């Protein structure tokens, strides 16, 4: 037997309370508008939380409204734009189940009916109050003869209907719970997509952050394959608030921890997490990935991904995304600032001033104009640094293990030794691969010019700090700066230890190359966007470990995602399995790399649920999921 589904209107079917919005419309231009609107909202909340009787709440609000019949037409137009997202998304469900859906609201039929009828809910299933008017069309009150106009009106209305069969109630107010409390409903679902009231959620049988959750729980037709509210996001290391906001607006559950987690702690935390967000300090090992039983994606809110075991991530079917461009400008500006300061010997003069010494001298203090800047690693940061440095009048040379097109007047050199010999300033911008460990050590520094400067804003292990210490002590280097270190404190309370602390003409900064508000904001938008395109549509473009696929919109179809080991015959088995279920393929896309294959198959909407079970049984399968 199909259940009856009773749905509230205000703050459930729509994102707002109808009378609150009507107040904003009817009081427009009034000097006391803000005060009255605020008071109406306060009374609304008191009534919804069950702190004052409904009838009193309604009477007090209508006195303050001073609304007219024509204001309702304006209200309806605004409410059409305020329909709850999950209701709008699942309009097909309403069209199919409209006869079983009852709108029972303490609001008013004049603005409820025009909103819900287009969803296929018949007029006979809409129960609400009605306004009363004077001869000039002004709202004077409400029809007190109607059942819903009385205290406990929803309970009385449902009693009068004498519904036969299961009854479920979806709403955001205490009056909705009273239906269940009276014994007239089997379950009460607290709807929290628009507003969350503790007094309501505390007594609910189930909290439904969206209509998707209710439909999923009852195996009813829904527009998406899995409620977004069940997708858990774990955000570590004090990632910018913009990312939190984006994930929450998407409907995901978000847990935030403002520090890095050690492996054991992360293994406990990551169970049931779908998306993990980190910066550079959290190490995502094979053990962590194996513990992430529901993990689909990792977002590295930084440039590098060497803190993540990318091979293990592929083996577990976990896509990894980073932000290769978002903080480029910030790192470049820090490098330029440090080059200028070291060339002018500013750090040692600042330390002397702090000790009361006045060192006014031009000795070994140079402009950067006309000096040679040697850039090791001509990627995103190195190439942009070359443009900015050249605009300051520097001559730029660079070396990279891969041939890169020079920008501006920069010159590519054939080897590292050639660069070291002619550069007045050497700056390192390479990735964190193990082969780059101690890229600059004793022999490399020995080849550098006397009184040159060295900078490292890439990875801590690429510089031999013992060699740097020696070169500073014997005056081979005029200056040195680093923003990254072999061991970095896990948090701001841990002491930073390094043998060259306090040395003359050195700049040591706490890994802040990308720590500008602009960079963090850019990263906080870029990474979630990539992850959500993967979760919602299967797009892998920009992933550092998955085959990169840009997919068209799926349209009126299901999208099946099959991630598997890169072994022969899997695609054929996928297609044979789909054919066994007499399902038509309307589009298919395949990408592979050295370890995995990634197959996207768009199919007709009707298919047997056992299809997914059979796809999971194919040899080499890592993960299977479906998107609508």
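The values are calculated or read from the model by the stated rules, or taken from the named source; none is laboratory data. Fair warning: this is a prediction, and the values are worked out from it, not measured in the lab. All Cβ positions, glycine included, derive from the backbone under ideal geometry; neighbour counts span all protein chains shown.
Annotations for the structure displayed:
- Considering residues of the stretch 317-353 that are surrounded by fewer than 20 Cβ atoms within 10 Å (Cβ to Cβ) and more than 24 Å from residue 512 (Cα to Cα) only, the residue modelled with the lowest pLDDT: 352
- In this entry, residue 185 is excluded by the filter for residues that are closer than 27 Å to residue 248 by Cα, modelled with pLDDT of 95 or more and not in a helix (DSSP H, G or I).
- The stretch 16-43, subset in a loop (DSSP other than H, G, I, E, B) and either touching a helix residue (DSSP H, G or I) at 6+ places or on another chain (Cβ under 8 Å) or not assigned by TED's automatic domain parsing to the domain that holds residue 116 (or both), residue surrounded by the most Cβ atoms within 10 Å (Cβ to Cβ): 17
Conditions tested, residue by residue: (1) at pLDDT below 95; (2) in contact with a strand residue (DSSP E or B) (Cβ under 7 Å, 6 or more places away or on another chain).
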position	(1), (2)
388	no, no
428	no, yes
459	yes, no
478	no, yes
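- When the criteria are applied in full, residue 46 meets the requirement of being part of a helix (DSSP H, G or I), surrounded by fewer than 16 Cβ atoms within 10 Å (Cβ to Cβ) and touching a helix residue (DSSP H, G or I) at 6+ places or on another chain (Cβ under 7 Å).
- Close pairs (9 angstrom Cβ cut-off, 6 or more residues apart or separate chains): on the phi > 0 side of the Ramachandran plot in the stretch 155-179, at pLDDT below 95 and assigned to a loop (DSSP other than H, G, I, E, B) anywhere: 165/1; 165/2; 165/3
- Top-ranked residue in the stretch 474-505 [being touching a residue at least 40 places away in the same chain (Cβ under 8 Å) and crowded, with 21+ Cβ neighbours inside 10 Å; ranked as nearest to the chain's Cα centre (by Cα)]: 483
- One residue stands out among those in the stretch 513-568 that are without any contact (Cβ under 8 Å) to a residue 40 or more places away in the chain and touching a helix residue (DSSP H, G or I) at 6+ places or on another chain (Cβ under 8 Å): the one that is farthest from residue 278 (Cα to Cα), which is 553.
- Taken over the stretch 78-107, residues that are surrounded by 20 or more Cβ atoms within 10 Å (Cβ to Cβ) and under 25 Å from the mean Cα position of the chain (by Cα) amount to 3.
- Qualifying residue in the stretch 208-218 (condition: on the phi > 0 side of the Ramachandran plot, touching a strand residue (DSSP E or B) at 6+ places or on another chain (Cβ under 8 Å) and surrounded by fewer than 18 Cβ atoms within 10 Å (Cβ to Cβ)): no
- Residue in the stretch 358-370 that is on the phi > 0 side of the Ramachandran plot, more than 41 Å from the chain's Cα centre (by Cα) and surrounded by 19 or more Cβ atoms within 10 Å (Cβ to Cβ) present: no
- Set side by side, the residues 279, 259 differ, and just one is crowded, with 16+ Cβ neighbours inside 10 Å and touching a residue at least 40 places away in the same chain (Cβ under 8 Å), which is 279.
- Just one residue in the set 547, 528 is outside any loop (DSSP other than H, G, I, E, B) and under 27 Å from residue 315 (Cβ atoms); that residue is 528.
- Any hit, the stretch 197-209, residues being over 14 Å from the mean Cα position of the chain (by Cα) and under 26 Å from residue 525 (Cβ atoms): yes
- The residues of the stretch 55-68 that are in a helix (DSSP H, G or I) and either outside the structural domain of residue 200 (by TED's automatic domain parsing) or touching a strand residue (DSSP E or B) at 6+ places or on another chain (Cβ under 6 Å) (or both) amount to a single one, 62.
- When residue 419 is tested against (1) over 20 Å from residue 470 (Cβ atoms); (2) in contact (Cβ under 8 Å) with a residue 40 or more places away in the chain; (3) over 43 Å from the mean Cα position of the chain (by Cα), exactly one condition is not met: (3).
- For residue 403: the one exception among (1) modelled with pLDDT of 95 or more; (2) farther than 17 Å from residue 448 by Cα: (1)
- For first residues located in the stretch 9-34 and on the phi > 0 side of the Ramachandran plot, partners that are surrounded by fewer than 21 Cβ atoms within 10 Å (Cβ to Cβ) and lie 6+ apart or on another chain with Cβ distances below 6 Å form the pairs 11/194; 11/195.
- Residues within the stretch 123-156 that are at pLDDT 90 or above, closer than 20 Å to residue 10 by Cα and in contact with a helix residue (DSSP H, G or I) (Cβ under 9 Å, 6 or more places away or on another chain), tallied: 17
- In the stretch 602-617, the residues that are at pLDDT below 95 and either surrounded by 13 or more Cβ atoms within 10 Å (Cβ to Cβ) or within 22 Å of residue 543 (Cβ to Cβ) (or both): 602, 603, 604, 607, 611, 612
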